[in-house]
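A quick write-up on the structure given underneath.
The values are calculated or read from the model by the stated rules, or taken from the named source; none is laboratory data. The structure displayed is predicted, hence computed values, not measured ones. Glycine also receives a Cβ, built like all others from the backbone with ideal geometry; neighbour counts cover every protein chain displayed. Remember, those area values only see protein heavy atoms, side chains included, never the ligands or the DNA or RNA. Shrake-Rupley method; radii C 1.70, N 1.55, O 1.52, S 1.80 Å.
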Amino acid sequence: MTVSLTSHDPARLAVDALVVAVAQQDGAAVVLGADRLPKELRTQLTDAAVLGITGAADEVRRLPGTGLAAKVLVLTGVGAADKVTPEVLRRAAGAATRELAGTAKVGIAFPTDDVASVSAVAEGALFGAYSYTRYRASEAAAQAPVAAIQIVTAHPRDHAAIGAVARAEVVAAAVHGTRDLVNAAPNDLYPAAFAEAAKAAVKDSGAKGLKVTVLDDKALVAGGYGGLVGVGQGSVRGPRLVKVAYSPSRPKAKVALVGKGITFDSGGISIKPAAGMEAMKSDMAGAAAVLHTVVAAARLELPVAVTGWLCLAENMPSGSAQRPSDVLTIRGGKTVEVLNTDAEGRLVMADGLVAAIEEKPDVVIDIATLTGAQLVALGHRVSAVMGTDDVRAEVVAAAETSGELFWPMPLPADLRAGLKSKVADLANIGDRFGGMLTAGIFLQEFVGETPWAHLDVAGPAYNERTAHGYTPVGGTGVGVRTLLALIEGRAPAA
Ligand code: BES
Ligand code: MN
Ligand code: ZN
């Protein structure tokens, strides 16, 4: 997949399809930049209503490319004309490239004369140009994602614009890499396989300053990682803790990222209902986002040391599985009574947070498909962020910059009482109500004084419904953009 900038006349672009934006204005649909299209095409478009075109977001229509070098004109809706933000452009570009799967060369002529718009269109177009075909024996060719994207802009030689395209390519590779891991079948992607995938991602990136360290089952027992060992012991495929460190030569800051990597969450002995259990192959989306964020930071040569911790285990019921009432000792010595083996994410994350904090980062951010309660609170598309007030605000701001949806949530101290255990330092479940916040309170016990944020992406990580904007069905890659924007924000421009 390639993206290039051009100032050519869009009508003369040698592409298979030319994409333009259509907005809603005064009850009518208006094509943005229509003056650049041939007259005969413009006349056709003046009556968009007759064509059933409204300009609503996620509306993508193909028309014959009358008078164009391209065979097809594609209209992609951006919604209200006075509310066109970079994220609106990102989604409209992505909806178009997603719908155009099977088309090789696509031109995009949006109003993109500032760098922020070029960046958003490049990202959106790339995010939409994704398909997951690993397990398809046939029909793969017809579904091939758009291969070459030309973006029309007045300033194709502008350094900042060229830089924005290069960055978009790195970000998109990270988002696609995350989606690929989430979409992988759990019989292929078990903890040891994930550790190998981490090594491969690092190697394939060609980036400098990256190092992968893997702790296997034995090393985890020896290191006192009771959470990972307890959760992983029911599976024949043992747990792993993978450390992916990016160390630039003169780091201006030190960021730790911790990701939940349950390669399949059956619930364990507290087994989940069969209906919908297949979606639990996505319970490693946090670890996937962490891996690819670290790789992207290295590829962009950001002057920030970033260490990712992937907490990998498969939560299975078996004769060797942990039981409700088992007591685990998390790394560092705190004990946890396991009252529900399906609240496993917090157990592996506790080990990961402790390990991350031992290295004294300036800030630690964890990301996890942690609770069903996240979906109850915020739905399928909005992620939650909890933690230290200022880091939480930093995440919200980074999300805003990147176009992802993260909403701040509290960590009410009174919920700690629900986590009291009759026998151990704490129990792994508490009050049913506010379940997402209780999980956050649990993690807080392992963080101490380090500035911290906890991202619960249970719903947004995996799209079980329909594709929209640049978001496909399946793994979405959520979190990568926000984490990367946060890291960039910690690296003041030289
Ligand atoms: N992986 C699940 C959370 C989840 C649910 C992610 C739905 C994505 C979609 C997690 O391990 C879990 O099972 N959480 C339990 C916790 C409960 C037992 C306290 C939950 O949310 O039901
Ligand atoms: Mn679970
Ligand atoms: Zn889980």
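Between helix 345-358 and the chain there is an angle of about 90 degrees, using the helix long axis and the longest principal axis of the Cα atoms.
Computed from the C-beta positions of A56 and A34 and an R0 of 22 Å, the FRET efficiency is 0.80 to the nearest 0.05. Ellipticity at 222 nm from helices only: DSSP H runs of n ≥ 4 in the chain, each -39500 (n - 2.57), divided by the residue count, give -10000 deg cm²/dmol. Against the chain, whose longest principal axis is taken from its Cα atoms, helix 435-444 shows a tilt of about 60°. Here the 3J(HN,Hα) profile of the range 379-392, calculated from phi with Karplus coefficients 6.51, -1.76 and 1.60 at θ = phi - 60°, is x, 7, 10, 10, 8, 10, 10, 10, x, 4, 3, 6, 6, 4 Hz, Gly and Pro shown as x.
Seen from every direction in turn and averaged, the convex hull around the alpha carbons of the range 373-425 projects onto 4.8 nm².
Counting charges near Y132 (Lys, Arg +1; Asp, Glu -1) among other residues having Cβ under 10 Å from its Cβ returns a value of +2. The alpha carbons of the range 66-163 occupy a box of 43, 32, 30 Å along the principal axes, longest dimension given first.
Using the 2.2 N^0.38 Å rule of thumb for compact globular proteins, work out how the range 2-157 stacks up: its C-alpha Rg over that value, please.
Details: Rg = 14.8 Å, N = 156, 2.2 N^0.38 = 15.0 Å.
With N residues counted in the range 2-157, Rg over 2.2 N^0.38 Å equals 0.99.
At a 1.4 Å probe, what is the % contribution of carbon and sulfur to the accessible area of the range 96-146? Heavy-atom surface of the range 96-146 belonging to carbon and sulfur, 1.4 Å probe: 49 percent. Separation of the range 127-171 from the range 225-279 is 30 Å, based on Cα centroids.
Quick one: net charge around A17, please, counting Lys, Arg +1 and Asp, Glu -1 for every other residue with C-beta under 11 Å from its C-beta.
+1
Taking GluC sites (Glu not before Pro) across the range 113-196, the ones in a DSSP loop with at most 10 further Cβ atoms lying within 10 angstrom of their Cβ are E139. Normalised by residue count, the range 182-270 yields a Cα convex hull volume of 122 Å³ per residue.
How much of the DSSP bridge set in the chain is antiparallel, in percent, rounded to the nearest 5?
Numbers: 32 of 79 bridges.
Rounded to the nearest five, the antiparallel share is 40 percent.
What a 1.4 Å probe finds exposed on the range 390-492 is 55% carbon and sulfur by accessible area, rounded to a whole percent.
Could you report the chain's accessible area per residue, 1.4 Å probe, as an integer in Å²? Present the calculation step by step, with values, prior to reporting the outcome.
On the way: 19820 Å² over 494 residues.
Normalised by residue count, the accessible surface of the chain is 40 Å².
Panel note: the C-alpha atoms of the chain, placed on their principal axes, show extents of 79, 50, 46 Å (largest first). Here the 3J(HN,Hα) profile of the range 224-237, calculated from phi with Karplus coefficients 6.51, -1.76 and 1.60 at θ = phi - 60°, is x, 8, x, x, 4, 5, x, 5, x, 6, x, 9, 6, 9 Hz, Gly and Pro shown as x.
How large is Rg/Rh for the range 112-201, to two decimals, with Cα atoms and a Kirkwood Rh? The partial results should precede the final answer.
Working: Rg = 16.4 Å, Rh = 15.1 Å.
Radius of gyration relative to Kirkwood radius: 1.08.
3J(HN,Hα) along the range 472-480: x, 6, x, x, 9, x, 4, x, 4 Hz, from the Karplus curve 6.51 cos²θ - 1.76 cosθ + 1.60 with θ = phi - 60°, whole Hz, x for Gly and Pro.
What you get for the chain, charging only the Cβ of Lys and Arg (+1) and of Asp and Glu (-1), is a dipole of about 820 debye around the Cα centre. Please give the residues of the range 90-113, grouped as numeric ranges, whose backbone N is less than 17 Å from a label point set 7 Å along the Cα-to-Cβ vector of A142. Answer for this model: 99-104.
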